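I'd like to ask some things about the structure below.
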Amino acid sequence: MSLVICGALPTSAGAQAWLEDREGKEGPGFRTGNIEWHPGLGVELGYDSNLYLSPSGQHVDSMILRIAPHLDISTLSRERRASLDDSAGTDVERKIAFRLGLAAPFYHYFHATHRTNVAAQGDFNLTIRPDGRFSFTIHDRYRRNIRPFAFDGAGTYAYHSNVAGALLKLATPGEVFTARIGFDFIFNIFEDASFSYLNNVASRGSFEMLWQFFPRTLLFFRSEATHQGYYGFAPENLHHPSYMVRLADNTRVNAVVGMNGGFTPKLSLLAEIGYGAAYIMRAPELSEVETVIGRAQLTLTPRESLTVKFGYDRGIHPSFSGLYYTLDRGLFDIEAILARRFLLGFTFWAGYLSSGTVLNAYGAPLDLSGRTERTDVVVDGRLRAEYRIRDWIAITASGGVTWDQTGFQYNRFVITPLLPVPSSFVKYEAFLGCRVFY
């Protein structure tokens, strides 16, 4: 999905579901003292019908070879220690918990070989006193993204994204009341100089309080404030040939209250409602927003091997085009495990997106008809399947379609193909492969 207007959405078109799922990608593992090692390798052959998210009639398709080696290293969890024969001391509070995950997915495009590249991802988490009422965590999440997101005009579409931060947890005895205070530092940096004006850094502060008043139910309050600065965009240098969209420093805030609880062992509800806003700095020509945000999700578990979720959410997300967009979305997800070896899942969502003000670097409309706001209707469906031949080897299959319809038409007589914002597009994708994991 487009980096620009849909990059924050959960169902990324190119993501490998098992690679992002810790439990799904780990096998029995090797143990050295209090450390577990989980290596793995996935090999898949796939097809992408619309490599550059192009409008109808301009599609470039390609077969894809995807090879993804990965390694996870962690200390033993309390549950893992309890399952071992030498489980003495499992009730002793751990002093530290550590996890490191590394992966390097390789993509070879048979019909666009110049786009062949290696992505990278790393996840780090270190918690002091993870079982205690007071704990402190430092974490980092790094991604090198390489999938094309616009017309075939740049040398490389690779960009680096990183979120590093710390979290302090404070709780009363029995964790009836829990508070979490966090801070994150975020950056997004493009490798190609043509996109350097999109480079940005952000700082985010967060605060959360939880009150568990039943064994299976809690009330919560959560708030965040994020300040984002586009250090690669200089308003005094608008003659720069690569400046395609009007950007500005901005601050996004949100605060919600909600409840997360299980009515029965088979039925649970998550509901939250609150306030969200995006404020633009030193750019009065760009619109701001204040609105109601929220989420509701009903989860049904009729049996242990079947989970069904229905939901709706509304929020404000970052975007290079218009600086932000609001999204109203309905979601359906179902996952079943058959005969303890075959996993089958399907995720579907449909949403309405509305962007902030979209202007070129000089403050003029980018749309051919002169409109300054973009709206999209997006429909996305994803199917995933896995058959476990053994506890360490599996056959995998995945596929999906993304349909994005918008009336916004970029005036390509006054911009170059380097603007990473597609108009309406349809994209089909499918992969079949095998993975080994231990």
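The values are calculated or read from the model by the stated rules, or taken from the named source; none is laboratory data. This structure is a prediction, so every number in the text was calculated from the model and none was measured. Reconstructed Cβ throughout: ideal geometry from the backbone, glycine too, with neighbour counts over all protein chains shown.
Hey, which of the strands (runs of 3 or more DSSP E) in the range 24-116, taking only ones fully inside, have at least 2 residues that are touching a Ser or Thr at 6+ places or on another chain (Cβ under 7 Å) and either at pLDDT below 95 or not hydroxyl-bearing (Ser, Thr, Tyr) (or both)?
Qualifying strands (runs of 3 or more DSSP E): 35-48, 96-103.
State which residue pairs qualify: first residue among the hydrophobic types (A, V, I, L, M, F, W, C) and inside the range 360-377, second residue in a strand (DSSP E or B) in any location, beta carbons under 6 Å apart, and separation of 6 or more residues or different chains.
Pairs that qualify, where the first residue is among the hydrophobic types (A, V, I, L, M, F, W, C) and the partner is in a strand (DSSP E or B), are LEU366/TYR410; VAL377/TYR352; VAL377/GLN405.
I would also like to ask the following. So GLY174 fits all but one of (1) part of a strand (DSSP E or B); (2) at positive phi; what number is the exception?
Evaluating GLY174 over (1) part of a strand (DSSP E or B); (2) at positive phi leaves (1) as the failure.
A follow-up question, please. For the range 312-371, enumerate the residues that are aliphatic (A, V, I, L, M), closer than 26 Å to SER398 by Cβ and within 26 Å of the chain's Cα centre (by Cα).
Residues satisfying the conditions are LEU327, LEU331, ILE334, ALA336, ILE337, LEU343, LEU344, ALA350, LEU353.
Something else about it: Does any residue in the range 46-60 that is closer than 14 Å to PHE149 by Cβ come within less than 6 Å, Cβ to Cβ, of a residue that is in a loop (DSSP other than H, G, I, E, B) and among the charged types (D, E, K, R) six or more places away or on a different chain, and which pairs are these?
As it stands, the answer is TYR52/ASP152, since those pairs meet every condition given.
Only residues that are farther than 17 Å from TYR279 by Cα and not in a loop (DSSP other than H, G, I, E, B): list them for the range 305-326, please.
Residues satisfying the conditions are LEU306, THR307, VAL308, LYS309, PHE310, GLY311, TYR312, ASP313, ARG314.
Can you work out which of the residues in the range 25-44 that are among the hydrophobic types (A, V, I, L, M, F, W, C) and within 23 Å of the chain's Cα centre (by Cα) is farthest from HIS111 (Cα to Cα)?
Going through the qualifying residues, I end up with LEU41.
Which residues, counting only those in the range 297-307, are crowded, with 16+ Cβ neighbours inside 10 Å and more than 17 Å from ARG216 (Cα to Cα)?
THR307
On to the next question. Does GLY294 meet the test of being of a type in the set (Gly, Ala, Ser), farther than 25 Å from ILE334 by Cα and either crowded, with 17+ Cβ neighbours inside 10 Å or modelled with pLDDT under 95 (or both)?
no
Shifting gears a bit: Please count how many residues of the range 276-302 are more than 30 Å from PRO365 (Cβ to Cβ) and of a type outside the set (Val, Ile, Thr).
Within the range 276-302, residues that are more than 30 Å from PRO365 (Cβ to Cβ) and of a type outside the set (Val, Ile, Thr) number 7.
I've got another one for you. Tell me, please, whether a residue that is polar (S, T, N, Q) and part of a helix (DSSP H, G or I) can be found in the range 203-210.
The answer is no; no qualifying residue exists.
Working carefully through the options ARG374, ARG390, find the one that is among the basic types (Lys, Arg) and closer than 30 Å to ARG435 by Cα.
ARG390
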